[in-house]
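Working notes for the structure below.
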Number of protein chains: 4
Amino acid sequence: MTDAIRVFITGGTFDKEYDEIHGRLYFKDTHLHEMLRLGRCRLDLHVRTLMMIDSLEMTDADRALIVENCRKADEPRIVITHGTDTIVETARALAAAALAKTIVLTGAMIPYAFGSSDGLFNLGSALSFAQALPAGVYVAMNGRCFTWDRVKKNRQTGAFEDA
Amino acid sequence: MTDAIRVFITGGTFDKEYDEIHGRLYFKDTHLHEMLRLGRCRLDLHVRTLMMIDSLEMTDADRALIVENCRKADEPRIVITHGTDTIVETARALAAAALAKTIVLTGAMIPYAFGSSDGLFNLGSALSFAQALPAGVYVAMNGRCFTWDRVKKNRQTGAFEDA
Amino acid sequence: MTDAIRVFITGGTFDKEYDEIHGRLYFKDTHLHEMLRLGRCRLDLHVRTLMMIDSLEMTDADRALIVENCRKADEPRIVITHGTDTIVETARALAAAALAKTIVLTGAMIPYAFGSSDGLFNLGSALSFAQALPAGVYVAMNGRCFTWDRVKKNRQTGAFEDA
Amino acid sequence: MTDAIRVFITGGTFDKEYDEIHGRLYFKDTHLHEMLRLGRCRLDLHVRTLMMIDSLEMTDADRALIVENCRKADEPRIVITHGTDTIVETARALAAAALAKTIVLTGAMIPYAFGSSDGLFNLGSALSFAQALPAGVYVAMNGRCFTWDRVKKNRQTGAFEDA
């Protein structure tokens, strides 16, 4: 379980920051490397930022880009950080591509920079499922792992549930 | 992957706190419930504190108690939080008992209460491996999962390595 | 220096929170009590929330309300938490009222809930200046204390400067 | 109120860290600069580390060194970070030296590195009292400021009280 894992960053709440000059949320750099340091992660990870956007603004072209990068990746195991609002939609697009890889999407409800984030828990979870599960497309949230076709986000509670 | 998981707490760095009156480290209550809330964990977990000690002080009798509790547990999947100094020794005692269960031990290098802890990452990781792996005894640290007989803690770096 | 101090809360970045369901910033409850607990503050404080708004949305009527509350307060020393964008304007309105009280306004560049906030530093500073300075209207930010008529916010850096 | 302030660091709980290899508390570098950055402090501070020790281990020679450094300092306003256990004793030694300066000692009950620290609040408070008070020796804790001869630490609660 120690082969290299590919990690694609797409933005989402994970990486939102607070712009103190303008008093609003924005994206600057990913916090993934800082999170991996905090977790004392010793996995061989190949990290690449594909985009840095709110998943509500993700277009079909963006999703095609994610699918294409997963297809071309040499690594058979991939983790994708993603906004939670449309994470299921991207999982569906990846499943349609029928790649023979283990792909785990994850996100966060609270930005990592805000201290009280679920991001570190979710990242530990996603990297672990990516190592242990067979080929397929999954969403890892709330300590659980769902296959792409059996998950939905509950808009009232923010939790992911069986669909 | 949504059946109940048993969680046994034994103490370790995970749960160390700072005693502000006496200026030293000590154990009070576990932080596990707070960590699960932060991770927005929606797993069905049955949590029980077996002891709250530094793993350097763990005796054979303590280990026998942990093994016995794992044996009697109804749940086929178990996570144990443990001090990292003797986590491998306890894993060996559990393996000797040859239980037909998936048992994942995990710990932390920095107390959860200290902000910069790896605990949340490790907890997310351990709970995920416990759901996905077949029966066996494992140690989950640094984003990796080792079988009980192929792991050692590097005392210089604090990291877990193949043995 | 141990008489009661009046604290008026008006909102501002100090008290902004992250709404994890809608992914935006909002106001819920003040964090002042939590901050005072963290600071182990033992002052006799009479805290009252007057409003909970972004200071860019503060109207003349809101300012009149703040002035009126300061006028009616029994305590001769008052601290006001306020958004930084119009804190100088409110200080001017208070000075115009010519109350024979020590009034210190303070704010934060980063919400307290986000971990990396300057709020706790500013609160400790404002409460201290309020105890030690003679009657007048002041703005306490960046470890400094400015009289109301000699301060401006630098919109580029976010810092407060002599005006 | 914008002249340079001298800051002397002596260690204490303020600067304790957790040694993750040996599982114990220790001193490495001061966190003062990081705390000043977090507080967006814009004061002209001249910071110098005199020692980095637990105040229970502070000797008469250490105190003589602190007094001597305060005497030689060009700045008329001085803040000293200090362990809380013997902070009153050092204040007494400074008062005996009868320097014509404003000297404010402060400390923390929880190490800054542990997240839930009162250190940032106390630092904001001490720097503010140092600017606003006349010459004398003071202890700033719990949001209050005590003259050196009218303060004691309550060993049961950890709070500072009138003596």
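The values are calculated or read from the model by the stated rules, or taken from the named source; none is laboratory data. The structure presented is a predicted model; accordingly, all values stated were derived computationally and were not measured. Note: ideal-geometry Cβ built from the backbone for every residue, glycine included; neighbour counts use all protein chains shown.
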Neighbours by Cβ (under 6 Å, 6+ apart or cross-chain): first from segment B:132-161, farther than 13 Å from B:Ile87 by Cβ; second in a loop (DSSP other than H, G, I, E, B) and among the small types (Gly, Ala, Ser): B:Ala135/B:Ala100; B:Arg150/B:Ala163
Test: C:Asp54 is of a type in the set (Asp, Glu) and either crowded, with 23+ Cβ neighbours inside 10 Å or more than 11 Å from every other protein chain (Cβ to nearest Cβ) (or both): no
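Which residues, counting only those in segment C:109-136, are over 19 Å from C:Gly12 (Cα atoms) and out of contact with any Cys (no Cβ under 6 Å at 6 or more places or on another chain)?
Initial filter on segment C:109-136 (over 19 Å from C:Gly12 (Cα atoms)): C:128-136.
Of everything in segment C:109-136, those that are over 19 Å from C:Gly12 (Cα atoms) and out of contact with any Cys (no Cβ under 6 Å at 6 or more places or on another chain) turn out to be C:Ser128, C:Ala130, C:Gln131, C:Ala132, C:Leu133, C:Pro134, C:Ala135, C:Gly136.
Output the residues belonging to segment D:117-148 that are of a type in the set (Ser, Thr, Tyr) and more than 22 Å from C:Met141 (Cα to Cα).
Here is the first cut: in segment D:117-148, the residues of a type in the set (Ser, Thr, Tyr) are D:117, D:125, D:128, D:138, D:147.
Hits for segment D:117-148 are D:Tyr138, D:Thr147.
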Over 15 Å from B:Arg42 (Cα atoms), surrounded by fewer than 23 Cβ atoms within 10 Å (Cβ to Cβ), in contact with a Pro (Cβ under 8 Å, 6 or more places away or on another chain) and modelled with pLDDT of 95 or more: which single residue out of A:Ala135, A:Ala96 fits that description? A:Ala135
Considering only residues that are over 21 Å from C:Arg6 (Cα atoms), touching an Asp or Glu at 6+ places or on another chain (Cβ under 7 Å) and assigned to a loop (DSSP other than H, G, I, E, B), which ones fall in segment C:20-78? C:Lys28
The lone exception for A:Asp29 - which of (1) within 14 Å of chain B (Cβ to nearest Cβ); (2) surrounded by fewer than 20 Cβ atoms within 10 Å (Cβ to Cβ); (3) among the charged types (D, E, K, R) it fails: (1)
Tell me yes or no: at least one residue of segment D:100-118 is without any contact (Cβ under 8 Å) to a residue 24 or more places away in the chain, of a type in the set (A, V, I, L, M) and farther than 27 Å from D:Tyr26 by Cβ. no
Can you tell me which residue is nearest to the other protein chains (Cβ to nearest Cβ) among those in segment D:86-129 that are charged (D, E, K, R) and out of contact with any strand residue (DSSP E or B) (no Cβ under 7 Å at 6 or more places or on another chain)? D:Asp118
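Please specify each residue of segment C:142-156 satisfying the condition of being facing chain D (nearest Cβ under 8 Å), in contact with a helix residue (DSSP H, G or I) (Cβ under 7 Å, 6 or more places away or on another chain) and outside any loop (DSSP other than H, G, I, E, B).
We begin by selecting, within segment C:142-156, every residue facing chain D (nearest Cβ under 8 Å); these are C:142-145.
Adding the requirement that they be in contact with a helix residue (DSSP H, G or I) (Cβ under 7 Å, 6 or more places away or on another chain) leaves C:143, C:145.
C:Cys145, the sole residue that qualifies.
Of all residues in segment B:109-126 being not in a helix (DSSP H, G or I) and not polar (S, T, N, Q), which is surrounded by the most Cβ atoms within 10 Å (Cβ to Cβ)?
Step one: list which residues in segment B:109-126 are not in a helix (DSSP H, G or I), which gives B:109-111, B:115-118.
Next, from what is left, pick out any that are not polar (S, T, N, Q): B:109-111, B:115, B:118.
Details: B:Met109: 22, B:Ile110: 23, B:Pro111: 24, B:Gly115: 16, B:Asp118: 28.
In this case the residue turns out to be B:Asp118.
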Identify, from the list C:Arg6, C:Arg42, the residue that is within 30 Å of D:Thr147 (Cα to Cα), under 17 Å from the mean Cα position of the chain (by Cα) and either of a type outside the set (A, V, I, L, M, F, W, C) or modelled with pLDDT under 95 (or both). C:Arg6
Can you work out which of the residues in segment B:5-26 that are in contact (Cβ under 8 Å) with a residue 40 or more places away in the chain and facing another protein chain (nearest Cβ under 10 Å) is farthest from A:Ala108 (Cα to Cα)? B:Leu25
Hey, B:Ile103 hits all of (1) over 13 Å from the mean Cα position of the chain (by Cα); (2) crowded, with 24+ Cβ neighbours inside 10 Å; (3) not in a loop (DSSP other than H, G, I, E, B) but one; which does it fall short on? (1)
Search segment A:130-141 for residues being outside any strand (DSSP E or B) and facing chain B (nearest Cβ under 8 Å), and hand back the single one that is nearest to A:Val88 (Cα to Cα). A:Leu133
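For segment C:32-47, name all the residues that are more than 7 Å from every other protein chain (Cβ to nearest Cβ), more than 13 Å from C:Gly119 (Cα to Cα) and either out of contact with any helix residue (DSSP H, G or I) (no Cβ under 9 Å at 6 or more places or on another chain) or of a type outside the set (Val, Ile, Thr) (or both). Step through it out loud before you land on a result.
Quick first cut of segment C:32-47, residues more than 7 Å from every other protein chain (Cβ to nearest Cβ) only: C:32-37, C:44-47.
Subsequent filtering for residues that are more than 13 Å from C:Gly119 (Cα to Cα) retains C:37, C:44-47.
Passing the criteria: C:Arg37, C:Asp44, C:Leu45, C:His46.
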Give the residues of segment A:9-38 that are in contact with a strand residue (DSSP E or B) (Cβ under 6 Å, 6 or more places away or on another chain) and among the β-branched types (Val, Ile, Thr), sorted by residue number. A:Ile9, A:Thr10, A:Thr30
